[in-house]
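Please treat every number below as a calculation from the coordinates, not as lab data. What you are looking at is a predicted structure, and each value in this text was computed from that prediction instead of being measured. Glycine gets a Cβ as well: all are built from the backbone with ideal geometry, and neighbour counts include every protein chain shown.
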Amino acid sequence: MSRAKIEGKRIGIIGIGNIGSSILRGLLSEIEDAQFLIADVRRESLSAFAANPRVEICSSNEELAKKSEILILAVKPRDVSGVLGAIAPFMEDKLLISVAAGVSTGELERYLADSGSGRRVRVIRAMPNIGARVGESVSALCSGSNAVSEDEELAAEIMSAIGSVYHVDEKEMDVITGLSGSGIAFFAEVIDAMADAGVYEGLPRDSALTIAAKTALGAARLILAGESPATIKAMTASPGGTTIRGLHTMESRAVRAAMMDAVIEATRRSREMG
């Protein structure tokens, strides 16, 4: 994706935790001509970027909001209202991209408006996942009531620096939080369990974990290439063989139902948080 729209922009990020720092690293890698401003109540989170000439560490969220043209809000959902209340006076006619799980565009706009300004702030809500650390995030985007198509294109440029981007209706954001935002941890749990089984059967831990992860990667690439999960199972499971016995065991242990329930419960929690 071309990233011409964000070249030369001043992009601020409030919250330099796992997602915020991953977004920043991706942007520094992919965007040659942009300036970045960062702020976090945990000052130690900022030290990794202190020596980078393209990164300015701000003393407060308010200072960052004043200086930025685009602001990425990467704080915990419980902290959103307080942060927006403080920066609202400096957000008029600016673009806000929020990655706070479960906080709707309507809530974001209301927090800004209730603080006495920010009524024309253009809001984009994004849901990336921790795959951003290696450029493999899956990010979903939806627009608030004041945002225009150019804003969503600009947000897509930013999020494409950390992985793939999908444009969705806001009503789909909670299930995407469960499926992708939380789902990457569910896959990690499955890979870890498979590696444990390899260790149980005699493989060294490092080898078992690498083989399990690469096996998962192979399955994912087959599906992305057009093969269905059912076809992969059919190609692998010969009559009376090892794979069909393993699949039978998974069915008897309700692994499929457990994975479905994990996504469903994560989705419900996202709705509760909103």
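Quick notes on this one:
- Relative to the longest principal axis of the Cα atoms of the chain, helix 255-273 runs at roughly 10 degrees.
- Length gained when the stretch residue 5-residue 60 is fully extended (0.36 nm per residue, less Cα-Cα span): 17.1 nm
- Debye equation applied to the C-alpha atoms of the range 115-214, log10 I(q)/I(0) at 0.11 Å⁻¹: -0.47
- Folded to 0 to 90 degrees: helix 242-252 orientation relative to the chain principal axis, Cα: 60
- For the chain, the longest principal axis of the alpha carbon atoms and the long axis of helix 149-159 meet at an angle near 60°.
- Linear extension gain, residue 265 paired with residue 237, 0.36 nm per residue minus alpha-carbon span: 7.0 nm
- Cα centroid of the range 215-232 to Cα centroid of the range 44-109, whole Å: 38
- When peptides 205-211, 33-39, 232-238 are ranked by their average number of other Cβ atoms within 10 Å per residue, the highest-first order is 33-39, 205-211, 232-238.
- Dipole magnitude of the range 4-173 about its Cα centre (Cβ charges: Lys, Arg +1; Asp, Glu -1), debye to nearest 20: 440
- Packing-based ranking of 75-82, 246-253 yields 75-82, 246-253, ordered from highest to lowest mean Cβ neighbour count within 10 Å.
- Charge context of residue 233, other residues only, Cβ under 15 angstrom, K/R +1, D/E -1: 0
- Applying a threshold of 23 Å to the alpha-carbon distances of 5/67; 9/94; 76/171; 5/171; 5/66; 67/171 flags 5/171; 67/171 as lying beyond it.
- For the range 194-274, a crude dipole built from +1 on the beta carbon of Lys and Arg and -1 on the beta carbon of Asp and Glu, taken about the Cα centre, is about 140 debye to the nearest 20.
- Reported value for the chain: 146 Å³ per residue, from the convex hull of its C-alpha atoms.
- Overall shape of the range 183-273 was characterised from the C-alpha gyration tensor. The equivalent ellipsoid obtained from it has semi-axes of 24, 18, 15 Å, in decreasing order.
- For the chain, calculated [θ]222 nm from helices alone, where every DSSP H run of n ≥ 4 adds -39500 (n - 2.57): -14500 deg cm²/dmol
- A cut-off of 5 Å between modelled amide H atoms, ignoring neighbours fewer than 5 places along the same chain, links residue 94 with 122.
- Ordering 85, 199, 108 by the projection of their Cα atoms onto the charge dipole of the chain, which places +1 on the Cβ of Lys and Arg and -1 on the Cβ of Asp and Glu, puts 199 at the extreme positive end.
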